[in-house]
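Engineer: The following block contains the structure, expressed as structure tokens.
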Amino acid sequence: MSGRAVLATSLALSGVSALQLPVQLPLQQFVPSKLPWSSSSDSGVDSELIAKPLVDSETLQKHITSDALKARAKDLYEIAKKSEDEYNHPTRVIGSEGHLGTLEYIWDQLSQLGDAYTLSKQGFPAVMGNVLESRLVIGDKVPNTATAFALTPATKNKQPVHGDVILVKNQGCDAADYPTEIEGNIAFIKRGTCAFGTKSALAGKAGAVAAVVYNNEDNDDELHGTMGTPSPDHVATFGLSGNEAAPFIKKIESGEKVDAIAYMDAMVESIKTTNIVAQTTRGDPENCVMLGAHSDSVPEGPGINDDGSGSMSLLEVATHLAKYDVNNCVRFAWVSGEEEGLLGSDYYVSSLSPEENSKIRLFMDYDMMGSPNYAYQIYNATNEENPVGSAELKELYIEWYEKHGLNYTLIPFDGRSDYDGFIRNGIPGGGIATGAEGVKTKEEEAMFGGKAGEWYDHCYHQLCDDTTNVDLEAWEINTKLIAHSVATYAHSLDGFPKRDVDATIKAESYGSQVKYHGSKLVL
Ligand code: PHE
Ligand code: ZN
Ligand code: ZN
């Protein structure tokens with residue numbers, strides 16, 4: 001059946017006479033490129049009548065400008081300032097006025113795109129941790145590398161607790177690893193094998209008043225972990241570097257006693273937050289190209305690069321895509337609670353029925369698109385370890401950078417952003433980034449410019465992640481690549497692997513390897 005015939009049928013069924021069409025336009029302009037699934041309901045008719053050319057990558061990319069992105073960054077910073085009353089500085093952390101304003105802004109901008117998209121909001125409960133103060137003294141030493149784990153509870157009555165440091169056997173993943181002397185004392189647990197949250201809960205069950213997880217690597221690095229899902233068994237939990245833990249372990253193993261004071265003033269609360277999803281009204285809804293960015297920031301700052309950049313890239317691409325017809329449906333997601341541990345993306349994927357899940361052909365993650373000391377990074381997804389199709393997506397990015405004479409690096413695909421839930425649930429995925437707290441190498445300086453020996457984003461998760469913290473050139477280039485990815489797959493998924501039943505098995509092996517769940521370590 002030709003497109004013209006489809007249109008005629010739908011018009012006839014909906015009772016709209018062809019004579020009511022604006023007559024100036026040549027007939028073929030009214031013919032949708034291919035809409036075998038088009039509905040004949042009243043609501044479906046309007047969008048079919050408007051002439052729109054089929055999306056094409058080069059054309060969509062041409063709409064992307066750094067000026068528009070810069071203006072978006074400014075809007076977002078103004079919105080982040082709405083949190084100043086509560087936080088004393090701009091932030092878009094979930095639950096804040098700055099985040100609510102971000103959601104309102106995205107929703108409002110999308111609402112202005114007519115009937116190009118079907119918009120939806122998905123509310124979900126999110127746990128939020130807030131560590132107001134923490135202190136750890138071991139023996140007569142105040143360790144330099146002591147950290148408070150995200151989502152840790154407070155010490156009892158938010159008061160300092162005192163006890164002996166008790167070494168936990170093995171890696172503290174089994175109740176039997178916790179000696180009876182733990183009761184009323186402070187558990188010293190080696191990192192590894194199981195999640196930090198598991199260790200803390202076992203320590204709590206054994207009666208510990210606090211827990212310290214020390215790194216299993218011999219270095220001075222701080223250990224930034226998260227408890228994962230809060231549990232009533234959790235006790236106040238600290239991280240400690242391997243090097244700082246070593247002398248205490250030695251002492252205790254030689255039979256000496258070491259005592260400690262732990263203090264944690266912290267809160268874990270549950271709030272409601274929201275994912276926003278926009279799906280094209282056109283295109284085959286059985287075959288959706290999905291992409292996402294996170295709408296929230298950390299409490300410390302306004303999050304303009306992380307992930308205001310990705311969020312605004314998506315908004316720009318959605319705005320311009322609205323002018324075009326698509327063969328495959330495109331679904332944009334602004335997920336929330338990424339910084340609290342990929343909450344929104346996990347919630348979104350887990351709430352999909354198997355049938356809905358199978359309609360998502362791939363998921364593309366766009367988190368941190370314009371780091372000031374950027375590298376063009378592509379997630380090193382493979383078809384061996386990830387759902388089939390992930391490697392094809394990686395190839396699309398590689399080809400685009402190569403075609404534009406740009407260098408790129410491949411970075412671990414290890415659960416640090418919102419692709420994680422999709423991959424775990426069998427959906428092929430990938431994405432690009434420009435770097436967070438990693439240090440640029442000499443080779444990378446030669447490849448991308450910028451400064452070796454410094455972080456890709458020296459304001460990562462800090463107050464200074466403001467409008468000056470984005471490299472506009474990198475951001476524009478990456479937004480063009482986002483446009484290319486969307487346009488390519490919206491145009492055609494021919495040759496892109498069909499959803500694979502074996503993907504779930506791969507998802508399981510992937511899940512057992514990842515150390516991260518969001519920006520913090522879980523294990
Ligand atoms: N998920 C991290 C964040 O939002 C960003 C990140 C992704 C950092 C991948 C490094 C690697 O903070
Ligand atoms: Zn972040
Ligand atoms: Zn991020």
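FYI, it's all coordinate maths here, none of it is from the lab. Every value quoted in this text rests on a predicted model; they were computed, and no experiment measured them. Positions of Cβ are generated from backbone atoms using ideal geometry, with glycine treated the same way; all protein chains shown enter the neighbour counts.
Engineer: Would you mind checking the pairs 156/272; 394/498; 498/520; 394/480 and listing those with alpha carbons more than 24 angstrom apart? If you can, show how the numbers build up before the last one.
Structural biologist: Details: 156/272 27 Å; 394/498 16 Å; 498/520 33 Å; 394/480 16 Å.
Check vs 24 Å cut-off fails for 156/272; 498/520.
Engineer: Near residue 359, which aspartates and glutamates are there with a Cα under 20 Å away, not counting those fewer than 8 places off in the same chain?
Structural biologist: Excluding near neighbours in sequence, the set is 284, 286, 325, 346, 392, 418, 420, 494, 500, 502.
Engineer: Can you run phi through the Karplus equation (6.51, -1.76, 1.60; θ = phi - 60°) for the stretch 134-140 and list ³J(HN,Hα) in whole Hz, with x for Gly and Pro?
Structural biologist: Whole-Hz 3J(HN,Hα) from phi for the stretch 134-140: 8, 8, 9, 10, 10, x, 10.
Engineer: To make sure I understand the rule: partners must be lysines, Cα under 17 Å from the Cα of residue 141, and not fewer than 8 residues away in the same chain. Which ones qualify?
Structural biologist: 250, 251, 257
Engineer: What FRET efficiency, computed as 1/(1 + (r/R0)^6) with R0 = 45 Å and r the Cβ-Cβ distance, is obtained for residue 323 and residue 158, rounded to the nearest 0.05?
Structural biologist: Values: r = 56 Å, r/R0 = 1.24.
Working from the Cβ atoms, E equals 0.20.
Engineer: Order by neighbour count: 93, 388, 522, fewest other Cβ atoms within 10 Å first, most last. Don't skip to the answer; put the middle values down first.
Structural biologist: Details: 93 25, 388 19, 522 22.
Listed from fewest to most nearby Cβ atoms, that is 388, 522, 93.
Engineer: Right, here's the next one. Quick check on packing: order 350-362, 408-420 by the mean number of other C-beta atoms within 10 Å, highest mean leading. Numbers along the way, then the final one.
Structural biologist: Working: 350-362: 14.9, 408-420: 20.9.
My ranking of the peptides, most packed first, is 408-420, 350-362.
Engineer: Still on this model: Could you give the nm distance between label points at residue 355 and residue 121, where each point is 7 Å from its Cα heading toward the beta carbon?
Structural biologist: That separation, rounded to one decimal, is 2.7 nm.
Engineer: Another question about this same structure. Exposure proxy check: 312, 369 ranked by fewest other beta carbons within 10 Å? Please list the in-between numbers first.
Structural biologist: Values: 312 28, 369 32.
Fewest to most other Cβ atoms nearby, the residues stand as 312, 369.
Engineer: Okay, moving on. How large is the dipole of the stretch 335-467 about the Cα centre if only Lys and Arg carry +1 and Asp and Glu carry -1, each at its Cβ, rounded to the nearest 20 debye?
Structural biologist: Details: 9 positive and 25 negative charges, 65 e Å.
Result for the stretch 335-467 is approximately 320 debye, rounded to the nearest 20.
Engineer: I need to check one value: relative contact order of the stretch 205-353, counting alpha carbon pairs closer than 8 Å and at least 6 residues apart, in percent.
Structural biologist: It comes to 22 percent, rounded to a whole number.
Engineer: On to the next question. Please list, in order along the stretch 248-263, the HN-Hα scalar couplings obtained from phi with the Karplus expression 6.51 cos²θ - 1.76 cosθ + 1.60 (θ = phi - 60°), rounded to whole Hz, x for Gly and Pro.
Structural biologist: Computed from phi, the couplings for the stretch 248-263 are 5, 4, 4, 4, 5, 5, 8, x, 7, 8, 10, 10, 8, 10, 10, 9 Hz.
Engineer: If the cut-off is a Cα-Cα distance under 18 Å, which lysines reach residue 81, setting aside same-chain residues fewer than 8 apart in sequence?
Structural biologist: The qualifying lysines are 70.
Engineer: Turning to a different aspect of this structure: Using the alpha-carbon atoms, what tilt in degrees (0 to 90, nearest 10) does helix 66-80 show relative to the longest principal axis of the chain?
Structural biologist: With both axes taken from Cα atoms, the answer is about 50 degrees.
Engineer: Classify the chain from the C-alpha gyration tensor, please: rounded if a/c falls under 1.5, else prolate or oblate depending on whether a/b exceeds b/c. The partial results should precede the final answer.
Structural biologist: On the way: a/c = 2.22, a/b = 2.11, b/c = 1.05.
Prolate.
Engineer: Listing 128, 364 from the residue with the fewest other Cβ atoms within 10 Å to the one with the most, what is the order? If you can, show how the numbers build up before the last one.
Structural biologist: Values: 128 20, 364 25.
Ascending number of Cβ neighbours within 10 Å: 128, 364.
Engineer: Give me the one-decimal nm value for the distance between modelled label points at residue 406 and residue 67, 7 Å along each residue's Cα-to-Cβ direction.
Structural biologist: Output for this residue pair reads 2.1 nm.
Engineer: Roughly speaking, what is the stretch gain from residue 395 to residue 454, that is 0.36 nm per residue apart minus the C-alpha to C-alpha distance, in nm to one decimal? Walk me through the intermediate numbers first.
Structural biologist: On the way: separation 59, 0.36 × 59 = 21.24 nm, distance 2.86 nm.
Answer, rounded to one decimal: 18.4 nm.
Engineer: For residue 410, what residues show an amide H to amide H distance below 5 Å, using hydrogens built from the backbone and excluding near sequence neighbours?
Structural biologist: 378
Engineer: Against the longest alpha carbon principal axis of the chain, how many degrees, from 0 to 90 and to the nearest 10, is the axis of helix 472-491 turned?
Structural biologist: Helix 472-491 sits at roughly 60 degrees to that axis.
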